[in-house]
Amino acid sequence: MPEQVKCPFCENSVDSDAEKCSSCGAFFTEPQLKEIKFKDFGIFFALQILTFGLFAILWVFINFRAINNLTVNPRDSLKFKWLAAILGISIIGYIGYILSDIELSHRVACIVIVIQHLIGIALSYRILKIIQRYTLNRYDVMLELNPYYIIIFSVLYMSHFIDTYSKRVMSSHEHFSFKSPQGVALLILLAIIAALAGFYYHLNSINSPDLESIGVQTLIKSNFSD
Ligand SMILES: [Zn+2]
């Protein structure tokens, strides 16, 4: 039996090794996901962009053991062979994209992006559910998951969620606002990405025949030949 001490907030007696007061709910230590590496959202985001989204899967490999150590129910644990298959498919997708010619690579790129996003949603959901159950079991706190954010932002939401974990558990997390300095910085970043994507698309349309105008011409031709 651990020694009993008084809670400094409500004066009820609690175990000396308790992390949280069972009477008033005050935290004695900051709840953390200690074993998980690369928790910083900024670093995660930068590495995601630099690796064209491949980093998220590597992140799961790096944190594979740490995440599985959090599982309350062994059935929830991540399976190594599935992860290896996902990584394999992603790498094959990238190689296919790099090796294929420009006209085909647009289609391959679209497929790679869609598959990658779906994989990201599935992985984020699994990992956030594991963290949610772990937190309920350990701290008796039910963390809220936003299903729309999981679908839209997938691994970015997961990374932000993990980065702000302790505040979420202590329910002092300030929900994201586009009016905050971070929100303005994010909007500027998105504008830069959109501009770069537009510039890249413009360069491609100069080098290769404009697919849209070809489509219009065939449509006109086929209308006149009837
Ligand atoms: Zn207390």
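Read the figures in this text as sums done on the coordinates, not as results from a lab. Bear in mind that the values here come from a model prediction, so they are computed numbers and not experimental data. All Cβ positions, even for glycine, are placed from backbone atoms using ideal geometry, and neighbour counts span all protein chains on display.
Can you give the local net charge around residue 83? Use residues other than it whose beta-carbon is closer than 13 angstrom to its beta-carbon, Lys and Arg +1, Asp and Glu -1. Mind dumping the intermediate values first?
Working: positive: 65, 79, 81, 126; negative: none.
Its environment carries a net charge of +4.
Counting only whole DSSP H helices of the chain, the ones at least 18 Å long by C-alpha along their axis and with mean Kyte-Doolittle hydropathy no lower than 1.6 are 80-99. For the chain, the list of Cys residues with no other Cys C-beta under 4.7 Å reads 110. With semi-axes defined as the square roots of five times the eigenvalues of the C-alpha gyration tensor, the equivalent ellipsoid of the chain measures 47, 20, 14 Å, largest first. Listed peptides 179-190, 26-37 appear in the order 26-37, 179-190 once ranked by packing, highest mean of other Cβ atoms within 10 Å at the front.
Grouping the Cα pair distances of segment 28-94 into 10 Å bins from zero gives a pair-distance distribution of 18, 42, 32, 7, 1 percent in increasing distance order.
Over all orientations, segment 36-168 has a Cα convex hull whose mean projected area works out to 8.2 square nanometres.
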